[in-house]
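Asker: After the structure tokens below, expect a handful of questions from me.
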Amino acid sequence: MSSYTNCFQKHSFEELNSIDEDKLRTFINTFLENHRLDENSNIFDVGTNAGSFIKVLNRFNIINNIHCFEPHPILSNKVKDIYPHVKMNEFCLGNTNDNINIYIPEHSVGLSSIVRRPVFDNLNQTINVLNTKCQRLDDYCKENNIERIDFIKIDVEGAEKCIFEGAHNLLSSHKIIAGVFEIGNTLSDAGTSTEEVCKLVESYGYKINKSICESDYYFYL
């Protein structure tokens, strides 16, 4: 684990814990305008990083059934210590049930991805390669008896399409109610495109709101 201990050298945990806080609050506000959450609702945080989304959820008094996915060993343990009420999964979601590599820049941990992105070559940093479990979202929910995801946040630095490919059953049966996914340069850098991801999501009958934030899209039924 020692090779991952420099993760707070460029940005402190407190900084990472506040990344995108305002825009995440906006997305939850948008969701709550049309939906109600209760003790049986399920929230998914895919690409938890330092837990800024959990921080936002807490401010809305949302603390039940929060499923987090963060394979970075330092970040996941730190988040568990601060937010013990979440279910922390220290592995990746994707389009396969197998072990995969995730590439983790030594200092710029927010750029970590299961895709070996060209941007890594320009960072002047050690790129740690962590071999970790990967699971399809469909299979994770089946294994954990989860019938519905009320809201899902997906921020996986270019691997967003892989998440949706692994959620075919949930999407086709409309068991994911709404969510937000990152778009923009990270997708093209990872060998896919915003248009490709949007086309996939819309093929399941979802609508996409592209006007809330220029770097993220909100999708809903």
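The values are calculated or read from the model by the stated rules, or taken from the named source; none is laboratory data. Everything numeric here is computed off the predicted structure, so don't read it as measured data. Cβ sites come from the backbone with ideal geometry, for glycine too, and all protein chains shown count toward neighbours.
Asker: Residues that are free of Cβ contacts under 8 Å to residues at least 40 places away in the same chain, at least 2 per element: which strands (runs of 3 or more DSSP E) completely within the stretch 132-221 meet that?
Answerer: 176-182, 207-213
Asker: Restricting the first residue to the stretch 103-128 and requiring it to be free of Cβ contacts under 8 Å to residues at least 12 places away in the same chain, which pairs with a second residue that is surrounded by fewer than 18 Cβ atoms within 10 Å (Cβ to Cβ) meet a Cβ separation below 9 Å and a spacing of at least six or different chains?
Answerer: From residues that are free of Cβ contacts under 8 Å to residues at least 12 places away in the same chain, the pairs are ASP121/ILE127.
Asker: Moving to a separate point now. Of all residues in the stretch 114-131, which are closer than 16 Å to CYS7 by Cβ and in a helix (DSSP H, G or I)?
Answerer: The one that is closer than 16 Å to CYS7 by Cβ and in a helix (DSSP H, G or I): PHE120.
Asker: Limited to the stretch 163-221, what total is found for residues that are under 16 Å from the mean Cα position of the chain (by Cα) and farther than 24 Å from ASP20 by Cα?
Answerer: So the answer is 3.
Asker: Name the one entry in ASN122, ASN99 that is farther than 24 Å from SER52 by Cβ and modelled with pLDDT of 95 or more.
Answerer: Just a single option satisfies the conditions, and that option is ASN99.
Asker: Which fully enclosed helices (runs of 4 or more DSSP H) of the stretch 1-88 have 1 or more residues being over 18 Å from the mean Cα position of the chain (by Cα) and not basic (Lys, Arg)?
Answerer: 13-16, 21-32, 73-82
Asker: Taking SER203 as meeting all but one of (1) touching a strand residue (DSSP E or B) at 6+ places or on another chain (Cβ under 9 Å); (2) loosely packed, with under 15 Cβ neighbours inside 10 Å, write down the number of the exception.
Answerer: All conditions are met except number (1).
Asker: Does any residue of the stretch 162-171 turn out to be in contact with a helix residue (DSSP H, G or I) (Cβ under 6 Å, 6 or more places away or on another chain), within 21 Å of LYS199 (Cβ to Cβ) and charged (D, E, K, R)?
Answerer: no
Asker: Can I ask one more? Would you confirm whether any residue within the stretch 71-92 is within 14 Å of TYR140 (Cα to Cα) and touching a Leu at 6+ places or on another chain (Cβ under 8 Å)?
Answerer: no
Asker: Suppose we filter SER12, SER41 for residues that are surrounded by fewer than 18 Cβ atoms within 10 Å (Cβ to Cβ), closer than 13 Å to ILE152 by Cα and small (Gly, Ala, Ser); which single one remains?
Answerer: Of SER12, SER41, the one residue that is surrounded by fewer than 18 Cβ atoms within 10 Å (Cβ to Cβ), closer than 13 Å to ILE152 by Cα and small (Gly, Ala, Ser) is SER41.
Asker: Since TYR103 meets every condition but one in (1) surrounded by fewer than 15 Cβ atoms within 10 Å (Cβ to Cβ); (2) part of a strand (DSSP E or B), which condition does it not meet?
Answerer: (1)
Asker: Restricting attention to the stretch 172-201, and to residues there that are under 22 Å from GLU33 (Cα atoms) and of a type outside the set (Val, Ile, Thr), which single residue is modelled with the lowest pLDDT?
Answerer: The residue in question is GLU182.
Asker: Yes or no: SER18 under 30 Å from LEU221 (Cα atoms) and hydroxyl-bearing (Ser, Thr, Tyr)?
Answerer: yes
Asker: Next question. Answer yes or no as to whether ILE82 is of a type outside the set (Gly, Ala, Ser) and either at pLDDT below 95 or buried (at least 17 other Cβ atoms within 10 Å of the Cβ) (or both).
Answerer: It is false that ILE82 is of a type outside the set (Gly, Ala, Ser) and either at pLDDT below 95 or buried (at least 17 other Cβ atoms within 10 Å of the Cβ) (or both).
Asker: Can you list residue pairs whose Cβ atoms sit under 7 Å apart, with the first residue in the stretch 16-27 being farther than 20 Å from ILE74 by Cβ and the second being aromatic (Phe, Trp, Tyr)? Count only pairs 6 or more apart in sequence or on different chains.
Answerer: LEU24/PHE53; PHE27/TYR218
Asker: Taking the stretch 120-148 as the search range and keeping residues that are over 16 Å from GLY94 (Cβ atoms) and crowded, with 16+ Cβ neighbours inside 10 Å, which one is nearest to the chain's Cα centre (by Cα)?
Answerer: Checking each candidate, the answer is ILE146.
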